[in-house]
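One structure is given here, and the rest of the page talks about it.
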Amino acid sequence: MWYLMEAYWEKAFLPDVLWALGSTAVLGLSEEIVMKAGCGIDTDRIPMMNYIKTRVPRLRAPHIHGVLQDGRRNFVFMSRIKGEPLDRVWKTLDNTQKESIKEQLETMFSGIRSLAPPPSDEPHALLGGGIPRRCRDARRHVRVAELPIESMAEFNLFLTTDPNRTETGRLKMTRSFLSTDHKFVMTHGDLHPRNIMVIASKTLPRDVFTPWVKVTGLLDWEICGYYPDYWEYVKALHTIHPGDGFDDWWNYLPASIGVWPKEYSVDELISRWRG
C-alpha cells in the first residue's frame with residue numbers, strides 16, 4: 001500500500017485529473033493505477049462488486065487494490081481501465097459501432113443478472129447491496145433504506161415514503177401503479193455511457209468502413225446490488241436528458257435487462273415527487 005501512497009503524493013502536485021465532481025475526483029497515479037478520493041464514496045459496495053466480478057468471467061471491471069480513510073474522506077486505489085468514457089465518443093459513432101457496444105455489454109449483463117445474491121449476515125436483508133445490505137435510490141440525492149428489505153411491497157414502500165413529505169392523494173395513486181410481481185436480479189445500477197470505458201481502434205478486422213470499438217470496462221459500482229428486474233433499465237435512462245446527445249441510448253441497452261415502459265413511466269412520476 002505504501003507504494004500507492006508515494007505515487008499519490010507525487011501526483012498530488014501535478015495530478016492527472018480523469019474526472020471530478022464536487023468534492024470527489026478520480027486521479028491517474030500511473031498507467032496502471034487510479035485513485036478515487038472523496039467524502040461520499042461508498043466503500044461498503046466493494047465486496048458486492050468483487051462477488052459479481054469473480055463469477056462473471058466476461059465482465060471487465062476495476063480491481064480494487066486497497067482503501068484508505070482519513071476522517072470522512074475515502075481514498076480508493078484501483079486498476080486503471082484502458083480507453084476513454086463512452087460519453088465522450090458516443091456522438092461520433094455510427095449504428096454499427098453502437099450495435100457492437102450493445103452486444104459486448106450483453107455478454108456482461110446476461111452473466112450479471114444470472115447470479116444469485118451472496119449470503120446476507122442480517123435476517124430479511126435480501127435486496128440491495130453493501131454491508132449491512134441496504135437498498136439505495138439515487139436521484140438528486142442518494143437515499144439509503146434504514147431497514148432491511150426482502151419483498152417488492154417493502155421496496156415499493158421505500159421508493160414512495162419520505163417522512164419529510166406529505167402523503168398526498170397523487171402519491172398514493174403513483175404507489176398503486178407499482179407492481180409486486182417482479183423477480184430480483186443482480187444489478188449494476190448506473191449503466192450510463194460515462195461509466196463505460198471503450199477503445200476505438202483504427203484496426204478494422206471485419207469491415208473496412210467501420211472502425212472497431214471495444215468495451216474495456218464498466219465503472220462506478222457504488223450502487224450495485226440485488227434489485228427488481230426492471231431497475232437496471234430505469235436507472236440506465238434516469239440521467240439521460242433531452243439535448244445531452246444520448247437520445248438514442250435507450251435503443252442500445254443490452255437486451256438481457258429488458259424493456260420496461262410502464263415501470264419507467266412510474267419511476268418518472270416518483271422522480272417528480274422527489275423533486
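Where a number appears in this text, it was derived from the coordinates with a stated rule and is not lab data. Just so you know, these numbers come straight off a predicted model, no measurement behind them. As a convention, Cβ positions derive from the backbone with ideal geometry for all residues, glycine included, and neighbour counts pool all protein chains shown.
Odds and ends about this structure:
- Subset of region 125-135 (residues that are surrounded by 15 or more Cβ atoms within 10 Å (Cβ to Cβ), in a loop (DSSP other than H, G, I, E, B) and of a type outside the set (A, V, I, L, M)): 130, 133, 135
- Complete set of residues in region 27-46 that are part of a loop (DSSP other than H, G, I, E, B) and polar (S, T, N, Q): 30
- Scanning region 22-39 for residues that are under 27 Å from residue 140 (Cα atoms) and surrounded by 13 or more Cβ atoms within 10 Å (Cβ to Cβ) gives 24, 25, 26, 27, 34, 35, 36, 37, 38.
- Some residue of region 198-207 being out of contact with any Gly (no Cβ under 7 Å at 6 or more places or on another chain), in a strand (DSSP E or B) and of a type outside the set (Asp, Glu): yes
- Taking first residues from region 15-37 that are in contact (Cβ under 8 Å) with a residue 40 or more places away in the chain and partners that are of a type in the set (Lys, Arg) and surrounded by 15 or more Cβ atoms within 10 Å (Cβ to Cβ), the Cβ contacts under 7 Å between residues at least 6 apart in sequence or on separate chains come to 28/80; 29/11; 31/80; 32/80; 33/80; 34/80.
- Filtered by the rule that a residue be without any contact (Cβ under 8 Å) to a residue 60 or more places away in the chain and not hydrophobic (A, V, I, L, M, F, W, C), region 237-250 gives 239, 241, 242, 243, 244, 247.
- Search result, residues across region 83-124 that are of a type in the set (D, E, K, R), free of Cβ contacts under 8 Å to residues at least 60 places away in the same chain and outside any helix (DSSP H, G or I): 121, 122
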